[in-house]
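The values are calculated or read from the model by the stated rules, or taken from the named source; none is laboratory data. Predicted, not measured: the structure shown is a model, and the values here were computed from it. So basically every Cβ, Gly included, is an ideal-geometry build from the backbone, and we count neighbours across all protein chains shown. SASA here: full protein model, heavy atoms, side chains in, ligands and nucleic acids out. Shrake-Rupley method; radii C 1.70, N 1.55, O 1.52, S 1.80 Å.
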Amino acid sequence: MSGGHSTYTPSTGIEKWIDARLPLPRLVYDSFIAYPVPRNLNYAYTFGGILAIMLVSQILTGVVLAMHYAANTGIAFNSVEKIMRDVNFGWLLRYMHANGASMFFVAVYLHIFRGLYYGSYKAPRELLWILGVIIYLLMMATAFMGYVLPWGQMSFWGATVITGFFTAFPIIGDPIQQLLLGGFAVDNPTLNRFFSLHYLLPFMIAGVVVLHVWALHVTGQTNPTGIEVKSKTDTLPFTPYATVKDAFGMVLFFIVFAYFIFYMPNYLGHPDNYIPADSLKTPAHIVPEWYFLPFYAMLRAITFNVGPIDSKLGGVLVMFGSIAVLFLVPWLDTSKVRSAVYRPWYKVFFWLFAANAIFLGWLGSRPAEGSYVHMAQFATLYYYAFFLVIMPVLGLIETPKRLPNSITEAVLAKSKKGGAVPASATAAPETKG
Amino acid sequence: MKTILTGFATLSFGVMLAVGLVGGALAQEEHSEAEPAHFPIIKPHQEDWSFAGPFGTYDKGQLQRGLKVFKEVCSSCHSMNLVAFRSFEELGYSEDQVKALAAEYEVQDGPNADGEMFTRKAIPTDYFPPPFPNDEAAAASNGGAVPPDFSLIAKARAVERGFPTFIFDLFTQYAEAGPDYIHALLTGYDHTPPEGMQVPAGTYYNPYFIAGKSLAMPKPISDDQVTYDDGAPQTVDQYSRDVSAFLMWAAEPHLEARKRTGFRVMIFLILFAGLVYAVKRRVWENVPH
Ligand code: HEM
């Protein structure tokens, strides 16, 4: 994707012929072979590639599942069980898809936290960040609707609770909910439209991913120092350097993925979803999938009315706001320094934020009663304060550590500390790539 | 990288501490013996299962005994709608034995050429016939409660493990909460309710029941009720073990294939990771980064 200058030189006649008509090989060459990446990327930077492969995995397993699945309330549950029992390797497909969704979220959360740690959202990467948040939103919508498809108790009641959020909005609330449900309650029309959208949205995600990668290839990647690339010695060609490092990261990720699929396939799910949906029996505790729990905790933390806003609307606003605030992050952070590596105080607040997010997740799995509510309120407060107070204020008052002049300088300083490598080695990669 | 690691260590430690403290504090909160608020009153004991762990396999003898208990006791109230007779071959029965087993049951079929429904002997491709024609009939015969279908019961029940056990479970591969629960429930009828507890009429006190202090199922099985011909002890404990294992099989018939495949996949991935790492080392050699 266009970074301006292309170094692709078609060598064979066929390549020349194609290049003159549709420069697809050139695009691939420039994006995944010659594309310069900062030489100091660590493994936190491998999650982008992992996310891409997880999207492919979800689409492949999903398309095959859809060949056997029936979106009708009378048979949906049994059609999934038929996949589990009678379709060849159906259990594998289904467990890959269900656990794949979880692993997709593991990767996206690590990817987002990487961005928050290294200040990846700062100029000139605001649009890149915003496209990422849009992907995340689409992922949440996709996963929510996918979870409804097996038509178990949690599918049904989760759908009921989540679509019910919209009724909190005055005037437009009820029509929105009815549009989502295709009626007044979760029923066959709901299942049908959710299946249709669940099939559609992943391809929209793929589309936004293309824009995301395009934007990335215009601005280039950040790196742990947060200093922009200044000279050729700061970068390495994507292949083989980033390719092989990403590949190693992916294989490690697959080991974790496989562990869940083959040994703990139901660990991340809820046992109630093995009970067919029953509109007359409400489960004792309705809990969403683990990746929604922090937001669920924030929703239920608002137990009080504020002026004309009752607690229900307040909770919904706080929940939606917790994601909306991500869109503003590029402008909320006032720091001149990009990376947390050189920001001693930001680093502390960042890790507190991460701990707080996990804590919110745990609270989301608890019933909303007693001291849990107070803890959730406190944790919600910190969640918002991190973005709305700490980010803007800290950037103005914090004294950052001294920044190195370039990536190369930082890298050489580090390897000198480690000993061994001669400085001349920096020139080597150009000849290798 | 190092900062990330130390950060992560502090982070996990912090979270553990916070959650631990909070969890401890909450455990102290009110609970009265006569009117408990959280169920089950007693958590199930963790049993040994042949199908647990990365190399777990079903014990076919045990599954056959479990099927016998199910057929002779539970199936008069509980259905098992998703399990076909043909799949009993996986319990070690021959094709003919399965045919004979199916033929013990009648199923409705039709309509025939005259438009009439008729009953016939079941064949291996039929599904296990339910004891009641519909939920209403099932509830009417069981004091208003429908005995749940057994096809997935072993995956549809799991007593919450609590913090930090649920984290350890990830590493010990604990995935037998269902059979542990069923075993505990079936062997849990002999407790007497604490003083002052009101047990609603038509229900039976069982401190292991996940959704209340008592349930509509009376103690379903007692010692020597089912005859075993392989010398296994004819006790409630053994019956419960066997039927729980059988129900795990019914819920997860491909468990053995899953774990076997998993082992190969893991070996492959680990070797592959080693190779990719070696290549990565080679490529990045002499390149400070
Ligand atoms: C962004 C990618 C995707 C995500 C995050 C996702 C997520 C999910 C989730 C969480 C479930 C419920 C799994 C369960 O508990 O059983 C599900 C089910 C399902 N998904 Fe997807 N999905 C994705 C892509 C797709 C695609 C592209 C298709 C079809 C072309 C698809 C087809 C299905 C079908 C048929 C089911 C029902 C079967 C089942 O429950 O296992 N999915 N999906």
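Of the conditions (1) touching a strand residue (DSSP E or B) at 6+ places or on another chain (Cβ under 9 Å); (2) open to solvent by less than 80 Å² (accessible area, probe 1.4 Å), B:Ser87 satisfies every one except a single condition; which number is it?
It is condition (1) that B:Ser87 fails.
Name the residue that is nearest to the ligand (Cβ to nearest atom), counting only residues in segment A:105-127 that are open to solvent by 20 Å² or more (accessible area, probe 1.4 Å) and closer than 22 Å to A:Thr46 by Cβ.
In this case the residue turns out to be A:Val106.
Any chance segment A:295-316 includes a residue that's within 22 Å of A:Trp151 (Cβ to Cβ) and assigned to a helix (DSSP H, G or I)?
Within segment A:295-316 (the criterion being within 22 Å of A:Trp151 (Cβ to Cβ) and assigned to a helix (DSSP H, G or I)), the answer is yes, since at least one residue qualifies.
Condition first: among the small types (Gly, Ala, Ser), over 30 Å from A:Gly115 (Cα atoms) and either within 16 Å of the ligand (Cβ to nearest atom) or part of a loop (DSSP other than H, G, I, E, B) (or both). Can you find one or more residues in segment A:187-207 that meet it? Spell out the reasoning first.
Narrowing segment A:187-207 to residues among the small types (Gly, Ala, Ser): A:196, A:206-207.
Remaining after also requiring over 30 Å from A:Gly115 (Cα atoms): A:196.
Filter once more, keeping what is either within 16 Å of the ligand (Cβ to nearest atom) or part of a loop (DSSP other than H, G, I, E, B) (or both): A:196.
There is at least one residue in segment A:187-207 that is among the small types (Gly, Ala, Ser), over 30 Å from A:Gly115 (Cα atoms) and either within 16 Å of the ligand (Cβ to nearest atom) or part of a loop (DSSP other than H, G, I, E, B) (or both).
Output the residue which, of all residues in segment A:157-170 that are open to solvent by 20 Å² or more (accessible area, probe 1.4 Å) and of a type outside the set (Val, Ile, Thr), is modelled with the highest pLDDT. Give the steps one after another, and end with the answer.
First, the residues of segment A:157-170 that are open to solvent by 20 Å² or more (accessible area, probe 1.4 Å): A:157, A:160-162, A:165-167, A:169-170.
Next, only the ones that are of a type outside the set (Val, Ile, Thr) stay: A:157, A:165-166, A:169-170.
On the way: A:Trp157: 97, A:Phe165: 92, A:Phe166: 93, A:Phe169: 93, A:Pro170: 92.
That would be A:Trp157.
Determine, yes or no, whether A:Glu409 is part of a helix (DSSP H, G or I) and free of Cβ contacts under 8 Å to residues at least 60 places away in the same chain.
Answer is yes for this residue.
Okay, residues lined up against (1) within 12 Å of the ligand (Cβ to nearest atom); (2) under 25 Å from A:Val56 (Cα atoms); (3) in contact with a Cys (Cβ under 9 Å, 6 or more places away or on another chain); (4) open to solvent by 60 Å² or more (accessible area, probe 1.4 Å):
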residue: A:His212; (1), (2), (3), (4): no, yes, no, no
residue: A:Thr233; (1), (2), (3), (4): no, no, no, no
residue: A:Tyr241; (1), (2), (3), (4): no, yes, no, no
residue: A:Asp246; (1), (2), (3), (4): no, yes, no, no
residue: A:Tyr259; (1), (2), (3), (4): no, yes, no, no
residue: A:Pro265; (1), (2), (3), (4): yes, yes, no, no
residue: A:Asn273; (1), (2), (3), (4): yes, no, no, no
residue: A:Pro308; (1), (2), (3), (4): no, no, no, yes
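Keeping to segment B:105-118, report how many residues are of a type outside the set (A, V, I, L, M), over 23 Å from B:Ser94 (Cβ atoms) and either assigned to a loop (DSSP other than H, G, I, E, B) or open to solvent by 90 Å² or more (accessible area, probe 1.4 Å) (or both). Steps first, answer last, please.
Step one: filter segment B:105-118 for residues of a type outside the set (A, V, I, L, M), giving B:105-106, B:108-112, B:114-116, B:118.
Of the ones still in play, those that are also over 23 Å from B:Ser94 (Cβ atoms) are B:108-112, B:114-116, B:118.
If we keep only those that are either assigned to a loop (DSSP other than H, G, I, E, B) or open to solvent by 90 Å² or more (accessible area, probe 1.4 Å) (or both) too, we end up with B:108, B:110-112, B:114-116.
Summing the residues that are of a type outside the set (A, V, I, L, M), over 23 Å from B:Ser94 (Cβ atoms) and either assigned to a loop (DSSP other than H, G, I, E, B) or open to solvent by 90 Å² or more (accessible area, probe 1.4 Å) (or both) in segment B:105-118 gives 7.
Scan segment B:206-264 for residues that are in contact (Cβ under 8 Å) with a residue 40 or more places away in the chain and β-branched (Val, Ile, Thr) and report the count.
Selection size over segment B:206-264: 5.
Any residue at all in segment A:346-365 that's modelled with pLDDT under 95 and within 12 Å of chain B (Cβ to nearest Cβ)?
Within segment A:346-365, the first condition is being modelled with pLDDT under 95, and the residues that meet it are A:365.
This time we only want the ones that are within 12 Å of chain B (Cβ to nearest Cβ), so: A:365.
Looking for residues that are modelled with pLDDT under 95 and within 12 Å of chain B (Cβ to nearest Cβ), one finds at least one in segment A:346-365, hence yes.
For segment A:237-257, which positions are within 7 Å of chain B (Cβ to nearest Cβ) and outside any helix (DSSP H, G or I)?
Passing the criteria: none in range.
Being open to solvent by 20 Å² or more (accessible area, probe 1.4 Å) and not β-branched (Val, Ile, Thr) is the requirement here; does A:Leu360 meet it?
It is false that A:Leu360 is open to solvent by 20 Å² or more (accessible area, probe 1.4 Å) and not β-branched (Val, Ile, Thr).
Taking segment B:209-250, which residues are buried (at least 17 other Cβ atoms within 10 Å of the Cβ), part of a loop (DSSP other than H, G, I, E, B) and of a type in the set (D, E, K, R)?
B:Lys213
I'd like the full set of residues that are free of Cβ contacts under 8 Å to residues at least 40 places away in the same chain, assigned to a helix (DSSP H, G or I) and aromatic (Phe, Trp, Tyr), limited to segment A:1-33.
A:Trp17, A:Tyr29
Search segment A:83-106 for residues that are among the polar types (S, T, N, Q) and pair each with any residue that is near the ligand (Cβ under 10 Å from one of its atoms) and open to solvent by 30 Å² or more (accessible area, probe 1.4 Å) when their beta-carbon atoms are under 7 Å apart and the residues are at least 6 apart or on different chains.
These pairs meet every condition: A:Asn99/A:Leu268; A:Ser102/A:Leu268.
Would you be able to say whether some residue in segment A:90-101 is open to solvent by 40 Å² or more (accessible area, probe 1.4 Å) and more than 10 Å from the ligand (Cβ to nearest atom)? Reasoning before the result, please.
So in segment A:90-101, the residues open to solvent by 40 Å² or more (accessible area, probe 1.4 Å) come out as A:94, A:96, A:98.
Add one more test, that the residue is more than 10 Å from the ligand (Cβ to nearest atom), and what stays is none.
No, that holds for no residue.
Report, by residue number, each residue of segment A:171-194 that is open to solvent by 50 Å² or more (accessible area, probe 1.4 Å) and among the aromatic types (Phe, Trp, Tyr).
Within segment A:171-194, just A:Phe184 meets the criteria.
Scan B:Gly53, B:Gly61, B:Gly66 and give me the residue that is small (Gly, Ala, Ser) and either within 16 Å of B:Ala184 (Cβ to Cβ) or surrounded by 18 or more Cβ atoms within 10 Å (Cβ to Cβ) (or both).
Step by step, each of B:Gly53, B:Gly61, B:Gly66 is checked, and only B:Gly66 is small (Gly, Ala, Ser) and either within 16 Å of B:Ala184 (Cβ to Cβ) or surrounded by 18 or more Cβ atoms within 10 Å (Cβ to Cβ) (or both).
Consider A:Met154 carefully, then state whether it is within 13 Å of the ligand (Cβ to nearest atom) and either without any contact (Cβ under 8 Å) to a residue 40 or more places away in the chain or within 14 Å of chain B (Cβ to nearest Cβ) (or both).
yes
On the given criteria, is A:Leu137 in contact (Cβ under 8 Å) with a residue 24 or more places away in the chain and more than 26 Å from A:Asp187 (Cα to Cα)?
Criteria not met by A:Leu137.
Specify the residue that is nearest to the ligand (Cβ to nearest atom); the eligible residues are those in segment A:58-77 that are of a type outside the set (Phe, Trp, Tyr) and within 14 Å of chain B (Cβ to nearest Cβ).
That would be A:Ala76.
Among the residues that make up segment A:220-230, is at least one of them loosely packed, with under 15 Cβ neighbours inside 10 Å, under 30 Å from A:Thr408 (Cβ atoms) and away from the ligand (no atom under 16 Å from the Cβ)?
Scanning segment A:220-230, I find at least one residue that is loosely packed, with under 15 Cβ neighbours inside 10 Å, under 30 Å from A:Thr408 (Cβ atoms) and away from the ligand (no atom under 16 Å from the Cβ), so the answer is yes.
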